[in-house]
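The values are calculated or read from the model by the stated rules, or taken from the named source; none is laboratory data. These numbers come from a predicted model, not from an experiment. So basically every Cβ, Gly included, is an ideal-geometry build from the backbone, and we count neighbours across all protein chains shown. We work out accessible area using only protein heavy atoms, side chains counted, and drop any ligands, DNA or RNA first. Shrake-Rupley method; radii C 1.70, N 1.55, O 1.52, S 1.80 Å.
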Amino acid sequence: MKIKFYLGTIVLSTLFTTSFAQTNPLTRQRMIDSLKMSALSDYATRYPILRQGSIATDILGARTIKGELSGHDLYEGKTNISRIRAAFKIPLAEWGKNTITGVVSYQQIHFDTKGITSYNPAFSTANQSLSKSTVGFTATFSRLDSIFNHPVTYSVSVSGLTDELSSVKRINYSGTFNVPLSRKATSSWSVGVAVIIDPSSVAPVVPFVSYWHKFKDANLDLFVDIPYRVALRKQLSKKSWVFAGSELGGSLFFFDLNQPSLPQNNIYTSLDIKTGATLEYMLTKKLVFGVSGGIFTTAQARMFDHNAKPNDYFFRTSNGSAPYVGFSLSFLPFLKSLR
């Protein structure tokens with residue numbers, strides 16, 4: 001995705017440099033910056049991950065939840081979940097082919113569980129209500145380069161996660177390497193690999209593939225961004241469009257348990273799949289409103305000691321699927337780097 005943007009801006013800069021040769025250098029630079037921002041905003045309507053910031057809430061219908069402790073049934077009940085996610089991206093610096101970006105993120109989840117059947121005398125059958133939140137900070141260095149005259153993009157990131165103001169509870173490191181294979185008027189291919197240094201990661205190395213195809217007759221865009229999403233996009237009007245498909249996501253929360261027989265400092269992670277449709281409408285030139293709905297599935301939810309691997313969990317839940325409705329506000333890129 002970044003490959004497409006950088007290549008596009010390089011071409012645009014080249015084309016317009018000649019036309020603006022006799023113009024004041026400051027004016028010329030402002031025009032080029034404006035064209036770059038316009039191109040990036042256009043891409044961001046298709047790739048939400050490129051947007052400057054967003055806040056979204058999902059409300060899930062009731063579904064059956066089953067809890068298992070150390071391989072034994074613990075409880076069963078009906079749970080409703082609501083969650084809020086927010087993130088804001090700040091371009092910190094840009095020089096040559098290099099960029100440094102900071103991201104501040106926030107996620108909150110609320111569980112309401114009723115109709116509980118307990119399979120352990122120590123576990124209460126009373127209705128339960130629980131809220132957890134996590135704040136994250138990420139700094140990323142990215143560089144557009146070439147190998148054997150072929151463009152590549154690579155990046156390295158460091159992230160800190162916490163649920164308190166006094167300390168950072170977890171620090172993760174990651175790196176990506178992305179290679180575009182082809183770029184045509186109606187399609188593009190790129191492949192890459194992500195390396196993740198995090199004990200709670202499902203896999204330390206994750207390959208990824210990004211494919212885009214434009215069906216001109218139907219005015220449809222196909223996006224296959226594995227393992228992140230598979231989606232179709234239909235432009236409805238100049239200011240509105242709809243996505244339909246499946247998207248993979250996840251969450252991480254901290255739990256401090258006061259149970260002598262269990263680890264004290266723990267991490268709860270979940271892997272989720274949202275399948276449905278999202279309608280988006282541009283309220284202003286940079287502000288996009290979205291409403292979505294479909295089926296929400298929790299593929300995996302586990303709790304484990306903060307020093308352990310996810311496979312060494314002591315508690316897990318089976319959540320199944322439930323209908324969901326979601327609302328979002330997001331900003332197309334509008335900030336330039338702080339040079």
| task | Test Ser200 against the criterion of being part of a loop (DSSP other than H, G, I, E, B), open to solvent by less than 30 Å² (accessible area, probe 1.4 Å) and within 26 Å of Ala87 (Cα to Cα), and give yes or no. | result | yes
| said: Need a quick list: strands (runs of 3 or more DSSP E) entirely within the range 226-290 having at least 1 residues that are over 17 Å from the mean Cα position of the chain (by Cα), within 30 Å of Ala203 (Cβ to Cβ) and at pLDDT below 95. | reply: 240-256, 265-282
| request: Tell me which residues, restricted to the range 291-335, are of a type in the set (Val, Ile, Thr), more than 30 Å from Pro204 (Cβ to Cβ) and touching a residue at least 60 places away in the same chain (Cβ under 8 Å). | output: Val325
| query | What is the residue count in the range 147-167 for residues that are under 22 Å from Ile197 (Cα atoms) and without any contact (Cβ under 8 Å) to a residue 12 or more places away in the chain? | reply | 1
| said: Given the criteria of a type outside the set (Phe, Trp, Tyr), surrounded by fewer than 17 Cβ atoms within 10 Å (Cβ to Cβ) and without any contact (Cβ under 8 Å) to a residue 12 or more places away in the chain, does Ser131 qualify? | reply: no
| request: Looking only at the range 82-127, count how many residues are of a type in the set (S, T, N, Q), without any contact (Cβ under 8 Å) to a residue 40 or more places away in the chain and either closer than 21 Å to Thr298 by Cβ or touching a Gly at 6+ places or on another chain (Cβ under 7 Å) (or both). | output: 4
| remark: Scanning the range 68-97 for residues that are closer than 24 Å to Phe331 by Cβ and either of a type outside the set (S, T, N, Q) or surrounded by fewer than 15 Cβ atoms within 10 Å (Cβ to Cβ) (or both) gives Arg83, Ile84, Arg85, Ala86, Ala87, Phe88, Lys89, Ile90, Pro91, Leu92, Ala93, Glu94
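In the range 24-62, which residue that is of a type in the set (S, T, N, Q) and at pLDDT 90 or above is surrounded by the fewest Cβ atoms within 10 Å (Cβ to Cβ)? It would help to see each step written out before you state the result.
Within the range 24-62, the first condition is being of a type in the set (S, T, N, Q), and the residues that meet it are 24, 27, 29, 34, 38, 41, 45, 52, 54, 57.
Filter again for at pLDDT 90 or above, leaving 45, 52, 54, 57.
On the way: Thr45: 18, Gln52: 19, Ser54: 19, Thr57: 15.
Here the residue is Thr57.
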